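Participant: Please find one structure pasted underneath; my questions will follow.
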Amino acid sequence: MSLCGSVSALSLRCGFRHGNSDMMNAMSFRGSESMGHPLTIPTKTRPRKASHPLQVVCLDYPRPELETTVNFLEDSYLSSSFRVSPRPTKPLKIIIAGAGLAGLSTAKYLADAGHKPLLLEARDVLGGKVAAWKDEDGDWYETGLHIFFGAYPNVQNLFGELGINDRLQWKEHSMIFAMPNKPGEFSRFDFPEVLPAPINGIWAILKNNEMLTWAEKVKFAIGLLPAILGGQAYVEAQDGITVKEWMRKQGIPDRVTTEVFIAMSKALNFINPDELSMQCILIALNRFLQEKHGSKMAFLDGNPPERLCMPIVDHIRSLGGEVELNSRIQKIELNSDATVKNFLLTNGEVIEGDVYVFATPVDILKLLLPESWKEIPYFKKLEKLVGVPVINVHIWFDRKLKNTSDHLLFSRSPLLSVYADMSVTCKEYYNPNQSMLELVFAPAEEWISCSDSEIIDATMKELAKLFPDEISADQSKAKILKYHIVKTPRSVYKTVPNCEPCRPLQRSPVEGFYLAGDYTKQKYLASMEGAVLSGKFCAQAIVQDYELLGARGEGRLAEASIR
């Protein structure tokens with residue numbers, strides 16, 4: 001495998017390879033800005049152990065060739081359709097609520113099509129579920145640990161359209177799992193660069209003999225045959241069954257679920273296999289195995305609001321659109337025909353437009369739905385879609401941890417999902433002397449109301465198993481310099497069985513009102529890719545409806561002039 005890559009702007013990319021409050025505020029994410037209290041503890045210098053099974057690799061990997069894949073080309077064509085569409089004789093003023101990736105994407109592509117979006121964000125930070133904040137020391141802490149996959153064609157197109165491809169730091173094509181029965185050790189699935197998909201994925205599975213036996217691999221492969229042969233129709237039909245139920249139905253040993261799919265389920269949706277819809281797993285496997293670089297991962301080279309969201313905002317503004325922070329919606333006010341009259345903000349300001357889009361999480365939308373809409377089947381089905389709680393933990397240590405990697409790591413812990421040493425994986429967060437672990441604490445439902453100190457104590461107990469030579473729960477080894485905890489009471493929608501029929505199309509039955517968000521109908525489920533694609537679909541629907549929406553606006557002006 002070619003290792004020619006880029007050296008960090010901070011002089012060295014050091015990685016490692018292993019051989020083997022109230023409800024309204026909480027729902028609107030104000031409650032999720034409970035950012036933890038920095039903890040300062042006196043430290044002592046301790047000698048490090050000289051031997052360790054990891055080897056230093058000081059390179060990021062080259063960007064994979066994604067532009068020739070069918071999915072990339074299809075989504076690239078969709079992106080170009082906005083730029084080449086006929087220029088509107090009278091651009092629509094489109095009011096969009098929510099500046100997460102869905103809202104930013106909607107506004108970006110509408111601006112590309114010649115319209116004038118006004119994007120309203122309730123908080124003082126961009127990004128929604130990819131938001132981040134800077135503490136008093138200048139260090140960043142984030143809403144979540146975000147990974148950009150090769151199988152994210154819309155996200156990859158977006159980076160290219162903005163000219164920021166170089167902001168993704170691609171990692172070795174591997175998936176790395178901790179070994180709970182062997183504290184401090186890892187097991188890898190390495191995808192050979194020379195093999196095409198899906199052979200490279202099959203090879204990665206077959207070569208790993210630490211997590212599954214040959215008999216378990218064979219039974220798993222046989223169990224997957226219906227999904228391989230049945231294609232998308234089969235995948236969609238598995239929405240009504242959990243991962244655990246599907247595995248047993250296919251005769252796949254429970255140990256396969258325990259060894260692999262607990263970690264995958266928590267990484268995909270922050271819940272365990274006995275709750276997660278099997279459709280979610282099959283969609284991920286399909287994307288990862290059918291594209292050579294589908295499961296290849298990249299980290300953003302810095303904080304998402306500045307490194308990803310601001311370029312989108314700059315693009316929107318360059319085309320005449322607007323983005324406003326601290327603009328929280330209090331009420332959707334209606335006309336006599338039950339269409340949207342305006343958005344009333346909490347500061348009393350009234351925002352009017354030709355078209356209205358809600359690109360907030362589904363829980364926020366449900367809180368603000370007008371009473372007269374709630375019995376409309378399109379909106380009533382949203383009751384089943386509920387955001388899942390998640391906690392993101394950041395811990396700064398007094399030393400550089402050795403038992404880590406320049407990669408995403410699946411912890412296989414009962415409390416932790418995935419983690420990364422961001423002082424190694426991310427250029428902006430790079431530190432040659434100290435580690436900063438960013439960890440996803442999931443499932444978090446039983447922990448979301450716990451104190452920060454309780455969450456940190458529980459996290460440290462799990463880290464002592466992952467770093468037995470370097471971390472102890474009582475901090476007699478590595479010491480915590482500070483920490484931040486970000487609680488999101490309602491994150492991505494909980495992908496439990498029978499949710500798929502409840503996911504709405506972006507075009508609502510209310511004329512002039514549209515939705516965007518990863519919970520809306522699109523093939524990538526709850527993810528950054530799903531959010532971006534939902535924004536494109538929303539923009540596409542508005543562009544398609546331009547003549548109707550324009551006529552509607554003219555009609556209202558004529559009616560107003562008569563009065």
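Participant: Check I228, I241, I262, I222 and return the single one that is assigned by the TED database to the domain that holds Q279, farther than 18 Å from L525 by Cα and under 25 Å from the mean Cα position of the chain (by Cα). Write out each step before concluding.
Facilitator: On the way: I228 fails: under 25 Å from the mean Cα position of the chain (by Cα); I241 fails: farther than 18 Å from L525 by Cα; I222 fails: under 25 Å from the mean Cα position of the chain (by Cα).
Result of the check over I228, I241, I262, I222: I262.
Participant: Write out, first by first residue and then by second, each pair whose Cβ atoms fall under 7 Å of each other, whose residues are 6+ apart or on separate chains, and whose first residue, in the range 130-141, is among the hydroxyl-bearing types (S, T, Y) while the second is open to solvent by less than 50 Å² (accessible area, probe 1.4 Å) and modelled with pLDDT of 95 or more.
Facilitator: Pairs found: Y141/A132; Y141/W133; Y141/D135; Y141/H394; Y141/H484; Y141/V486.
Participant: Do you know which of the residues in the range 494-526 that are of a type in the set (S, T, Y) and modelled with pLDDT of 95 or more is surrounded by the most Cβ atoms within 10 Å (Cβ to Cβ)? Lay out the reasoning, then the answer.
Facilitator: Quick first cut of the range 494-526, residues of a type in the set (S, T, Y) only: 495, 508, 514, 519-520, 524.
When the remaining residues are screened for being modelled with pLDDT of 95 or more, the result is 495, 508, 514, 519-520.
On the way: T495: 27, S508: 20, Y514: 25, Y519: 29, T520: 27.
Here the residue is Y519.
Participant: Also, I was wondering about something else. What are the pairs, 6+ residues apart or on separate chains, where a residue within the range 340-363 that is outside the structural domain of A551 (by the TED database) and closer than 21 Å to L104 by Cβ has its Cβ under 9 Å from a residue that is among the aromatic types (F, W, Y) and at pLDDT 95 or above?
Facilitator: Close Cβ pairs satisfying both conditions: none exist.
Participant: Also: What's the number of the condition K479 fails, among (1) within 18 Å of A178 (Cβ to Cβ); (2) touching a Phe, Trp or Tyr at 6+ places or on another chain (Cβ under 8 Å); (3) open to solvent by 20 Å² or more (accessible area, probe 1.4 Å); (4) of a type outside the set (D, E)?
Facilitator: (1) is the only condition that K479 fails.
Participant: Going through the range 79-99 one residue at a time, which ones are assigned to a helix (DSSP H, G or I) and open to solvent by 20 Å² or more (accessible area, probe 1.4 Å)?
Facilitator: Of everything in the range 79-99, those that are assigned to a helix (DSSP H, G or I) and open to solvent by 20 Å² or more (accessible area, probe 1.4 Å) turn out to be S80, S81, R83, V84.
Participant: So which residues in the range 295-312 are touching a Lys or Arg at 6+ places or on another chain (Cβ under 9 Å) and in a helix (DSSP H, G or I)? Before you say what the answer is, go through the steps one by one.
Facilitator: So in the range 295-312, the residues touching a Lys or Arg at 6+ places or on another chain (Cβ under 9 Å) come out as 295-303, 307-308, 311-312.
R307, L308, P311, I312 - these are the residues of the range 295-312 that are touching a Lys or Arg at 6+ places or on another chain (Cβ under 9 Å) and in a helix (DSSP H, G or I).
Participant: Sticking with this one: Looking at (1) touching a Pro at 6+ places or on another chain (Cβ under 6 Å); (2) open to solvent by 50 Å² or more (accessible area, probe 1.4 Å); (3) not in a loop (DSSP other than H, G, I, E, B), find the lone condition where K292 falls short.
Facilitator: (3)
Participant: For the range 60-78, give me each residue that is farther than 19 Å from I164 by Cβ, open to solvent by less than 80 Å² (accessible area, probe 1.4 Å) and in a helix (DSSP H, G or I).
Facilitator: Filtering the range 60-78 down to residues farther than 19 Å from I164 by Cβ leaves 68-71, 73-74, 77-78.
Within this subset, residues satisfying the condition of being open to solvent by less than 80 Å² (accessible area, probe 1.4 Å) are 69, 71, 78.
Selection gives N71, L78.
Participant: Out of curiosity, is T425 under 21 Å from the mean Cα position of the chain (by Cα), closer than 27 Å to V235 by Cα and not small (G, A, S)?
Facilitator: no
Participant: Something else: I need the full set of residues from the range 324-352 which are surrounded by 20 or more Cβ atoms within 10 Å (Cβ to Cβ) and closer than 17 Å to L126 by Cα, in order please.
Facilitator: Our first condition is that a residue be surrounded by 20 or more Cβ atoms within 10 Å (Cβ to Cβ); within the range 324-352, this holds for 327, 329, 332, 340, 343.
Within the range 324-352, S327, I329 meet the criteria.
Participant: Report the residue count in the range 90-121 for those that are within 20 Å of the chain's Cα centre (by Cα) and not hydroxyl-bearing (S, T, Y).
Facilitator: So the count comes out to 11.
Participant: Let me ask you something else. Mind checking which residues of the range 268-287 are open to solvent by 10 Å² or more (accessible area, probe 1.4 Å), touching a strand residue (DSSP E or B) at 6+ places or on another chain (Cβ under 8 Å) and closer than 16 Å to L224 by Cβ?
Facilitator: R287
Participant: What are the pairs with Cβ atoms under 6 angstrom where one residue, in the range 94-105, is within 9 Å of L126 (Cβ to Cβ) and the other, located anywhere, is open to solvent by 10 Å² or more (accessible area, probe 1.4 Å) and modelled with pLDDT of 95 or more? Sequence gap at least six, or different chains.
Facilitator: A99/E121; A99/L126; G100/G128; G100/K129
Participant: In this structure, is H315 open to solvent by 30 Å² or more (accessible area, probe 1.4 Å), under 18 Å from D166 (Cβ atoms) and of a type outside the set (D, E)? Before you say what the answer is, go through the steps one by one.
Facilitator: Values: open to solvent by 30 Å² or more (accessible area, probe 1.4 Å): yes; under 18 Å from D166 (Cβ atoms): yes; of a type outside the set (D, E): yes.
Considered against the rule, which asks whether it is open to solvent by 30 Å² or more (accessible area, probe 1.4 Å), under 18 Å from D166 (Cβ atoms) and of a type outside the set (D, E), H315 comes out as yes.
Participant: Given the structure, is S423 open to solvent by less than 50 Å² (accessible area, probe 1.4 Å), part of a helix (DSSP H, G or I) and not acidic (D, E)? I'd like the intermediate steps shown before the answer.
Facilitator: Details: open to solvent by less than 50 Å² (accessible area, probe 1.4 Å): yes; part of a helix (DSSP H, G or I): yes; not acidic (D, E): yes.
Yes.
Participant: Next up: Which condition from (1) at pLDDT 95 or above; (2) over 18 Å from the mean Cα position of the chain (by Cα); (3) among the basic types (K, R); (4) within 26 Å of V355 (Cα to Cα) is the one that K482 breaks?
Facilitator: With (1) at pLDDT 95 or above; (2) over 18 Å from the mean Cα position of the chain (by Cα); (3) among the basic types (K, R); (4) within 26 Å of V355 (Cα to Cα) applied to K482, the lone miss is (4).
Participant: Also, I was wondering about something else. How about the range 379-404: which of its residues are in a loop (DSSP other than H, G, I, E, B) and open to solvent by 10 Å² or more (accessible area, probe 1.4 Å)? Break it down stepwise before answering.
Facilitator: Here is the first cut: in the range 379-404, the residues in a loop (DSSP other than H, G, I, E, B) are 385-386, 388-389, 398-404.
If the condition is that a residue be in a loop (DSSP other than H, G, I, E, B) and open to solvent by 10 Å² or more (accessible area, probe 1.4 Å), then V386, P389, D398, R399, K400, K402 are the ones that fit.
Participant: Also: Please work out which one of (1) modelled with pLDDT under 95; (2) part of a loop (DSSP other than H, G, I, E, B) is the condition E547 fails and give its number.
Facilitator: For E547, the failing item is (2).
Participant: Could you grab me the full set of residues in the range 353-376 that are more than 15 Å from Y514 (Cα to Cα) and either in a loop (DSSP other than H, G, I, E, B) or open to solvent by 30 Å² or more (accessible area, probe 1.4 Å) (or both)?
Facilitator: Going through the range 353-376, the residues more than 15 Å from Y514 (Cα to Cα) turn out to be 363, 367, 371-372, 374-375.
Within the range 353-376, L367, E371, S372, K374, E375 qualify.
The values are calculated or read from the model by the stated rules, or taken from the named source; none is laboratory data. Keep in mind that this is a model prediction, so the values were computed, not measured. Positions of Cβ are backbone-derived with ideal geometry, glycine not excepted, and every protein chain shown enters the neighbour counts. Note: areas computed on protein heavy atoms with side chains; ligands, DNA, RNA excluded. Shrake-Rupley method; radii C 1.70, N 1.55, O 1.52, S 1.80 Å.
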